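S.K.: Below you'll find the structure I mean.
The values are calculated or read from the model by the stated rules, or taken from the named source; none is laboratory data. These figures come from a predicted structure and were not determined experimentally. Quick reminder, even Gly has a Cβ in these numbers, built from the backbone with ideal geometry, and neighbours come from all protein chains shown.
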Amino acid sequence: MPGISGIELIKLIHTKHAKLPILIFSMRHVLQSAQKALQAGATGFVTKGSGPNTLISAIKMVAAGERFLDVELLDMIMLEKKSSQFAGEQGTSYRT
């Protein structure tokens with residue numbers, strides 16, 4: 001979108017209409033993109049690689065006031081947490 005990023009747009013919408021549910025439908029499979037969108041005020045995040053049933057579920061859940069995160073992104077979060085916990089137990093960074 002010219003002149004404004006998607007994250008800035010989410011912040012703007014969320015500031016003006018805090019109760020409006022925002023579902024992001026993105027090509028990006030990057031965990032950081034989802035985290036930024038959710039921190040900016042999005043209620044849910046679905047990747048375009050998801051099947052139609054996932055998208056329908058996401059729409060229904062977000063419309064009902066619930067949060068939704070694509071299962072692939074949930075898997076990434078779990079792997080990151082496990083890596084971080086393991087690294088902490090070993091006294092190293094999981095990015096080393």
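S.K.: Which numbered condition in (1) among the small types (Gly, Ala, Ser); (2) modelled with pLDDT of 90 or more; (3) in contact with a helix residue (DSSP H, G or I) (Cβ under 8 Å, 6 or more places away or on another chain) is the only one that residue 64 fails?
M.R.: (3)
S.K.: What number of residues within the range 67-96 are part of a helix (DSSP H, G or I) and at pLDDT 65 or above?
M.R.: Number satisfying all stated conditions: 15.
S.K.: Then there is this: Return the only residue of 13, 56, 7, 24 being part of a helix (DSSP H, G or I), crowded, with 16+ Cβ neighbours inside 10 Å, β-branched (Val, Ile, Thr) and modelled with pLDDT of 90 or more.
M.R.: 7
S.K.: Now a separate question. What are the residue pairs meeting all of these: first residue in the range 45-72, first residue on the phi > 0 side of the Ramachandran plot, second residue surrounded by 11 or more Cβ atoms within 10 Å (Cβ to Cβ), Cβ atoms under 9 Å, and 6 or more apart or on different chains?
M.R.: Hits for this filter: 65/21; 65/43.
S.K.: When residues of the range 27-43 are filtered for being at pLDDT below 95, in contact with a strand residue (DSSP E or B) (Cβ under 8 Å, 6 or more places away or on another chain) and either of a type outside the set (A, V, I, L, M) or in a loop (DSSP other than H, G, I, E, B) (or both), how many remain?
M.R.: Of the residues in the range 27-43, 4 are at pLDDT below 95, in contact with a strand residue (DSSP E or B) (Cβ under 8 Å, 6 or more places away or on another chain) and either of a type outside the set (A, V, I, L, M) or in a loop (DSSP other than H, G, I, E, B) (or both).
S.K.: Can you tell me which residues in the range 1-44 are polar (S, T, N, Q) and within 20 Å of residue 66 (Cβ to Cβ)? Reasoning before the result, please.
M.R.: First, the residues of the range 1-44 that are polar (S, T, N, Q): 5, 15, 26, 32-33, 35, 39, 43.
Matches in the range 1-44: 26, 35, 39, 43.
S.K.: For the range 70-85, state whether one or more residues are surrounded by 15 or more Cβ atoms within 10 Å (Cβ to Cβ), within 16 Å of residue 30 (Cβ to Cβ) and of a type outside the set (A, V, I, L, M).
M.R.: Yes, the range 70-85 contains at least one residue that is surrounded by 15 or more Cβ atoms within 10 Å (Cβ to Cβ), within 16 Å of residue 30 (Cβ to Cβ) and of a type outside the set (A, V, I, L, M).
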